[in-house]
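Worksheet: the structure to be examined is printed underneath.
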Amino acid sequence: MELYAIILAGGIGERFWPVSRRSFPKQFVPLFGRDSLIEQTRKRISRLCPLTQQRYIIPYEMTELLQMQTGIKRANIIYEPYGKNTAPAIGLAAIYIANSAPDATLIVLPADHYIEPVNNFIANIKVACKVAQHGYLVTFGIPPTRPETGYGYIQIGDVIERYGKITVHRAIEFKEKPTLDIALAYLQAKRFLWNSGMFVFRVSTILEAFRNFLPDFYAELINFQNYIGTRQERLMLERMYKQAPTTSIDYAVMEKAKNIAVVKANFLWDDVGSWLALERHFPAQRYGNVIIGEHYGVDTKESIVFSDSGVIATLGVENLVIVKAKDAVLVADKKRVGDLKALLRTIATTKSGKKFL
């Protein structure tokens, strides 16, 4: 079985502003330990896929940063001219791999997830690779540990296969991000798993899915394949991507396909979606605070405080997220952290504000 890891590395991580910026997005930030999230991803999958069989999908402007952090070569990079969500990115990766390894199996991973322990993760990936050989589009469902309203869910059905303690299920339905009441019901039902956004499938299987569900884009991919390795490759890539739909692989393919298998994961997973993720992975200090960097506080409770330099001092505050990063400071109610993108849109309305994004 020829395996290729496809790392989706092009996001800008707006919900981790001001540490995450357009010039230095979240996946390159060392939030958990000395390594950045993307470097942790590279090290995890390197246990299964050598560097020669890893591909990083990324915009042109992030190339230098990616190579500096990971040491990968030009041959490992698939350039994405525009951010078009995950469906076009995965289709692009599939056609590149099909050009040189048409029988390969793809392991698709976002660059910015937190996963532990690595041994369990690799065991789950190996199971998914076996299942994918039977023509399944395989994803990973994470047993929920809380009524999370920020994740999509997958309703699972009967067991397809058992590999030791790891079970593989049929997918009944993909569910959008729920309300709190619905998330509580999902948690109690035990048949709803968090949608991890990680996938395993054979190149031929995913391209067939594109042919069925995104036929126009599939035709563009097949046409573009003729130009790979030629002088016109970059020009034709730009043209194809301008016409590509902006859509997720979940919405475009996974929610419609009948050959979906779900590995019920037995590893700890977090998509590190916002500053609140730090509470889940760093021990709370006195009065429930999570502190990273130098901080002095009086009557400060249940807050997240992050400073990359200097000091933060707080007096009489509660349930806040306070972040000092380079030339910007964020102070937010923890309940409003999900609205951070709206704040960034406000900052972007002025020329002076844009320089901080």
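The values are calculated or read from the model by the stated rules, or taken from the named source; none is laboratory data. The shown structure was predicted, so the numbers you read here are calculated from the model rather than taken from an experiment. Reconstructed Cβ throughout: ideal geometry from the backbone, glycine too, with neighbour counts over all protein chains shown. Side chains included, ligands, DNA and RNA excluded: accessible areas come from the protein's heavy atoms. Shrake-Rupley method; radii C 1.70, N 1.55, O 1.52, S 1.80 Å.
Report, in degrees rounded to the nearest 10, the 0 to 90 angle that the Cα long axis of helix 203-213 makes with the longest principal axis of the chain.
Long axis of 203-213 versus the principal axis of the chain: about 80 degrees.
So what does log10 I(q)/I(0) come out to for segment 201-357 at q = 0.12, 0.15, 0.19 Å⁻¹, using the Debye formula with one equal point on every Cα and no solvent?
At q = 0.12, 0.15, 0.19 Å⁻¹ the computed log10 ratios are -0.82, -0.93, -1.10.
Assuming a ≥ b ≥ c are the square roots of the Cα gyration tensor eigenvalues, decide whether segment 1-128 counts as rounded (a/c under 1.5), prolate (otherwise, with a/b larger than b/c) or oblate. Can you show the working numbers first?
Values: a/c = 1.77, a/b = 1.21, b/c = 1.47.
Oblate is the answer for segment 1-128, as a/c is 1.5 or above yet b/c matches or exceeds a/b.
How many angstrom lie between the Cα centre of segment 64-82 and the Cα centre of segment 303-357?
Taking the Cα centre of segment 303-357 as reference, the centre of segment 64-82 is 30 Å away.
For segment 1-100, what is the accessible area per residue in Å² when the probe is 1.4 Å? Present the calculation step by step, with values, prior to reporting the outcome.
On the way: 3910 Å² over 100 residues.
Spelled out: the 1.4 Å probe surface of segment 1-100, per residue, equals 39 Å².
Cross-link partners among aspartates and glutamates for Lys175, C-alpha distance below 19 Å, same-chain residues fewer than 8 apart left out?
Candidates past the 8-residue exclusion: Glu148, Asp158, Asp250, Glu255, Asp270, Asp271.
For segment 276-357, list log₁₀ I(q)/I(0) at each q in 0.15, 0.19, 0.21 Å⁻¹, using the Debye formula over Cα point scatterers of equal strength and ignoring solvent, two decimals each.
-0.57, -0.86, -1.00
Ordering Lys126, Lys84 by how much accessible area each has at a 1.4 Å probe, largest first, what is the list?
Lys126, Lys84
Carbon and sulfur: what percent of segment 264-327's accessible surface (1.4 Å probe)? Walk me through the numbers on the way to the answer.
Details: 1690 of 3200 Å².
Roughly 53 percent of what the probe reaches on segment 264-327 is carbon or sulfur.
Based solely on its DSSP helices, what 222 nm [θ] is calculated for the chain when runs of n ≥ 4 H residues each add -39,500 (n - 2.57) and the sum is averaged over all residues, nearest 500 deg cm²/dmol?
Estimated from H runs of four or more residues: -8500 deg cm²/dmol.
How many Å² of accessible area per residue for segment 201-357, probe 1.4 Å? Each step should come with its number before you reach the end.
Details: 8650 Å² over 157 residues.
Heavy-atom accessible area per residue stands at 55 Å².
How many percent of the accessible area of segment 105-200 is carbon or sulfur, using a 1.4 Å probe?
Values: 2050 of 4120 Å².
On segment 105-200, the fraction of accessible area on carbon and sulfur atoms equals 50 percent.
So how do Val138, Val159 rank on accessible area, 1.4 Å probe, biggest first, that is with the largest at the start? The partial results should precede the final answer.
Working: Val138 0, Val159 60 Å².
Sorted by accessible area, descending: Val159, Val138.
Whole angstrom only: what separates the Cα centroid of segment 7-41 from the Cα centroid of segment 231-293?
Distance between centres, Cα-based: 12 Å.
Mind checking the dipole of the chain: about its Cα centre, +1 per Lys or Arg Cβ, -1 per Asp or Glu Cβ, Debye to the nearest 20? Spell out each step's value before the answer.
Numbers: 45 positive and 34 negative charges, 49 e Å.
Around 240 debye, computed over the chain.
Of Leu278, Asn289, Ala209, whose Cα points farthest to the positive end of the dipole of segment 192-290 (charges on the beta-carbon: +1 Lys, Arg; -1 Asp, Glu; origin at the Cα centre)?
Of the listed residues, the answer is Ala209.
Pairing the Cα long axis of helix 215-225 with the longest principal axis of the chain, what angle in degrees results, from 0 to 90 and rounded to the nearest 10?
Helix 215-225 sits at roughly 80 degrees to that axis.
Of Ser23, Ser196, Ser303, which is the most mobile in a GNM of the chain whose springs link Cα atoms less than 10 angstrom apart?
Ser23
Using the eigenvalues of the Cα gyration tensor, what equivalent ellipsoid semi-axes result for segment 98-210 when each is taken as the square root of five times the eigenvalue, whole Å, largest first?
Working: eigenvalues 134, 46, 42 Å².
That gives 26, 15, 15 Å for the three semi-axes.
Is the shape of segment 78-153 rounded, prolate or oblate, going by the alpha carbon gyration tensor and its root eigenvalues a ≥ b ≥ c, with a/c under 1.5 for rounded and a/b larger than b/c for prolate?
On the way: a/c = 2.07, a/b = 1.30, b/c = 1.59.
Since a/c reaches 1.5 but b/c is at least a/b, the shape of segment 78-153 is classed as oblate.
Filter the cross-link list Lys165/Lys190; Lys84/Lys351; Lys26/Lys84; Lys43/Lys84; Lys84/Lys130; Lys301/Lys354 down to pairs whose alpha-carbon distance in this structure exceeds 22 Å. Let's see the in-between values first.
Details: Lys165/Lys190 17 Å; Lys84/Lys351 25 Å; Lys26/Lys84 18 Å; Lys43/Lys84 27 Å; Lys84/Lys130 30 Å; Lys301/Lys354 32 Å.
Pairs exceeding the cut-off: Lys84/Lys351; Lys43/Lys84; Lys84/Lys130; Lys301/Lys354.
From the residues Ala171, Leu315, Ser248, which one has its Cα farthest along the dipole of the chain in the positive direction, the dipole being from +1 and -1 charges on Cβ of Lys/Arg and Asp/Glu about the Cα centre?
Checked the options; the winner is Ser248.
Using +1 at the Cβ of each Lys and Arg and -1 at the Cβ of each Asp and Glu in segment 19-130, identify which of Thr105, Ser46, Thr86 lies farthest towards the dipole's positive end.
Ser46
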